[in-house]
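Colleague: I have a structure I would like to understand better, so I am pasting it below and will then ask my questions one at a time.
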Amino acid sequence: MAPRGRPSTHPKVVVTRNLGPESLAILGNHEDIDVVVWPKDSICDRTWLLENVRGAVGILCTRTETVDAELLDAAGPSLKVLSTYSAGYEHLPLAEMRRRKIRLGHTPDVLTEAVADIALMLALMASRSAGEAAAAVRSGDWPARPWSPFLLCGPQLSTSSARPSLIAGFIGLGRIAQATVRRLVPFGLTECLYAGNPRTPADTAADAALARALGAPSVRRVALPELAARSDVLFVLAPGGRATHHIVDAAFLRRMKRTAVLVNAARGTLVDSVALAHALRERWIWGAGLDVLEGEPAVPADHPLVREPRCIVLPHVGTATMETRQAMAVLAAENVVAGVVGESMPAEVNLAQ
């Protein structure tokens, strides 16, 4: 920081949350950059942010801050780069940033394995009725429940003589989905189906090459109705936005198997929450595992999906490993520094597209 009382000529970077010593060290190692960090371990105060962002060249933010035209106006024409501590960036005013020629950095790749772990965990928990089983223990109801051969049974998420096939479906087959496929191969995965971007033509040769790379028996692109009807477990791992809003709706859910499990570890807006609650209540599908939910984090305890015994709801913790969050923080810091000094970012979003 500049000496007190003397205006600094160094570019200023505003950081909306303390992201740990490694991240701050990257910023602090550049003596020609002034770093201003929100001092509390809480969501950054809007008034503080609007005041401190004036004249900033870079902003390192998280998903909890509202980045809008007001904030960009407060920063002024000096703002060159915005780095978000997230892989997704639909929470940002992309058109406005494009117009102002503000560069954007994000944190993909480093969170792939952690989110794939959560996706598989949710599939296992939902298929084996783990939420209902754990609730019985927590409530003290276990001793009062008489044992029976099919008590708390669910569909098996692995092949065996009793279950000769396992078909996994994916809405979106990006890095996280592919990492999830790799995890399913040892479970005896027999077929991988996916629905891709309708604007991109199908490529059977590329699908075959991907299957070989993942060690999967087959990878095949299908239309959404077939994906719904044939998947034993369906993973929602596509980006958010208008194109995928409620892509899993009542019609989709009605096509699914009664023994199928739905997992959403992407964005809550991809799944129609009202339709899913109805599908679970009416037993259209077996269960669901959700790391994201529409309207989060404003999800009350009496939310229909929270109250549904066959639905596991986590508070968006897909990236919540120490290793992953630290790697995200380092990458976010490297992005903002590179943008401030005019170099290539390690992970930049091309806003010109």
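Colleague: Pick from Leu151, Leu193, Leu314: which residue has the top mean-square fluctuation in a GNM of the chain where Cα pairs under 10 Å get a spring?
Modeller: Comparing Leu151, Leu193, Leu314 in the GNM, the peak value goes to Leu151.
Colleague: About its Cα centre, how strong a charge dipole does the range 112-313 have in debye, to the nearest 20, once Lys and Arg get +1 and Asp and Glu get -1 at the Cβ?
Modeller: Roughly 400 debye, rounded to the nearest 20.
Colleague: Over all alpha-carbon pairs in the range 112-313, figure out the percentage whose distance exceeds 29 Å.
Modeller: Counting pairs separated by more than 29 Å, the tail of P(r) holds 21 percent.
Colleague: Continuing with the same structure: What's the local net charge at Lys80, with K and R +1, D and E -1, over the other residues with C-beta under 10 Å away?
Modeller: Local net charge: +3.
Colleague: Can I ask one more? Which longest uninterrupted range of the chain lacks any trypsin sites (Lys or Arg not before Pro) assigned by DSSP to a loop state (not H, G, I, E or B) and surrounded by at most 16 other Cβ atoms within 10 Å?
Modeller: My reading of the result: 102-198 is the longest stretch.
Colleague: Here's something else I'd like to know. Can you compute the charge dipole magnitude of the range 1-99 about its Cα centre, using +1 on each Lys and Arg Cβ and -1 on each Asp and Glu Cβ, nothing else charged? Give it in debye, rounded to the nearest 20. Display every interim value, and only then the final one.
Modeller: Working: 11 positive and 13 negative charges, 34 e Å.
In debye, rounded to 20, the range 1-99 gives about 160.
Colleague: Quick one: how many lysine pairs in the chain have C-alpha atoms under 21 angstrom apart, if they're 8 or more apart or on different chains?
Modeller: Total qualifying Lys-Lys pairs in the chain comes to 4.
Colleague: Determine the calculated [θ] at 222 nm for the chain from helices alone, applying -39500 (n - 2.57) to every DSSP H run no shorter than 4 residues and normalising by the residue count; nearest 500 deg cm²/dmol.
Modeller: Theoretical 222 nm ellipticity from helices: -10000 deg cm²/dmol.
Colleague: Now, a different point. Exposure proxy check: Cys44, Cys153, Cys192 ranked by fewest other beta carbons within 10 Å?
Modeller: Cys153, Cys44, Cys192
Colleague: Would you please name the chymotrypsin sites (Phe, Trp or Tyr not before Pro) within the range 227-318 that are DSSP coil residues with at most 10 other C-beta atoms within 10 Å of their C-beta? Let's see the in-between values first.
Modeller: Details: sites: Phe235, Phe252, Trp284, Trp286; in loops: Trp284, Trp286.
Here no chymotrypsin sites (Phe, Trp or Tyr not before Pro) fit, given the DSSP loop and packing criteria.
Colleague: Follow-up question, since we're still on this one. Counting other C-beta atoms within 10 Å, and keeping those with at most 10, which DSSP coil chymotrypsin sites (Phe, Trp or Tyr not before Pro) do you find in the range 94-187?
Modeller: Within the range 94-187, the qualifying chymotrypsin sites (Phe, Trp or Tyr not before Pro) (loop, at most 10 other Cβ atoms within 10 Å) are Trp147, Phe150.
Colleague: Of the candidates His316, His30, His91, which one comes out as most mobile in a Gaussian network treatment of the chain with C-alpha springs shorter than 10 Å?
Modeller: Result: His30 has the largest fluctuation of those listed.
Colleague: Based on DSSP H assignment, which helices of the chain show an axial Cα extent of at least 27 Å together with a mean Kyte-Doolittle hydropathy greater than or equal to -1.0? Walk me through the intermediate numbers first.
Modeller: On the way: long enough: 322-341 (29 Å, 0.90).
The answer, listed by residue number, is 322-341.
Colleague: Select from Ala144, Ala205, Ala338 the residue whose mean-square fluctuation is largest in a Gaussian network model of the chain (Cα-Cα springs shorter than 10 Å).
Modeller: Maximum among the listed residues: Ala144.
Colleague: Here's another thing I want to ask about it. Please give the contour-minus-distance gain from Ala213 to Asp68: 0.36 nm per residue of separation, less the Cα-Cα distance, rounded to one decimal in nm.
Modeller: Taking 0.36 nm per residue and subtracting the Cα distance, the gain is 48.1 nm.
Every number here is computed from the coordinates shown, using simple stated rules; none is lab data. None of the values given here were measured: they were computed from a predicted structure. Positions of Cβ are backbone-derived with ideal geometry, glycine not excepted, and every protein chain shown enters the neighbour counts.
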